[in-house]
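Participant: Pasting in a structure now, in structure tokens, and then I'll have a few things to ask.
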Amino acid sequence: MDAYPMIAPPQKGEMNTDGSYNSSDTPLFYAVYNDPGNASRIDYCRADVDGDGYISSKDEYSFLQAVMWHRNPVCYVLCAGAEVLGMDGASRAGGEGGADPEAMLAQLPSWDAGNPRSAYPELSDDQYQSMRYHEMADIGLISIDVANGMDSFLAWRTANPRAGYPELSAVEWCQLVAAAYQTYVASAEENGP
């Protein structure tokens, strides 16, 4: 019997395989997000952050959280190897630091249960995510600067759809999105307390 090498599944959201979640993964993620039909199987699998087989806004949300936290993605469906917000002690996001991360994390599922997406049909997905980001800031999981940065990034993305930039190649478009994310979110995280 021949032995077959074991191949590890691709690391969800870690698009450029440099071993870390950061803004350099963003253009590659958006290349798949904006054109999943032309993505390689491996890139599609990496971009399917929540592991449900589809590239959707849930993947984008989980991916952006992974980049923001520089940790494994948060998954809202079963996702092998995922961490829960990747907390490792002090709140990297700008809370008081030293707070009990387990206690902070326990608050978010309670909020989610009391505020399901279906309870807010009048809100767009971005508006609902904004509400959730601000709850995460209230809990101390992220800073208010990061929550506000996400609001700005989501507003930028809504005001700047891909169709509005036909002159840009897919790579140039992804670089533009990555620059906006860096401007609004990653810089807020880096400049936080």
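Bear in mind that the values in this text are calculations on the coordinates, not laboratory data. The structure presented is a predicted model; accordingly, all values stated were derived computationally and were not measured. A quick note on method: Cβ atoms are made from the backbone with ideal geometry, for glycine too, and the neighbour counts reach across all protein chains shown.
Participant: Can you list the GluC sites (Glu not before Pro) in segment 121-183 that are in a DSSP coil and have 12 or fewer other beta carbons within 10 angstrom?
Facilitator: Glu122, Glu167
Participant: Go through segment 155-169 residue by residue and turn each phi into a ³J(HN,Hα) via Karplus (6.51, -1.76, 1.60, θ = phi - 60°); whole Hz please, and just put x for glycine and proline.
Facilitator: Per residue, the Karplus-derived 3J(HN,Hα) values read 5, 4, 4, 5, 6, 10, x, 3, 4, x, 10, x, 6, 8, 6 Hz.
Participant: Step by step: find N for segment 112-161, compute 2.2 N^0.38 Å, then divide the Cα radius of gyration by it. What's the final number?
Facilitator: It is 1.18.
Participant: Shifting gears a bit: Could you rank the peptides 30-41, 57-68 by their average count of other C-beta atoms within 10 Å per residue, with the highest value first?
Facilitator: By packing density, highest mean first, the sequence is 57-68, 30-41.
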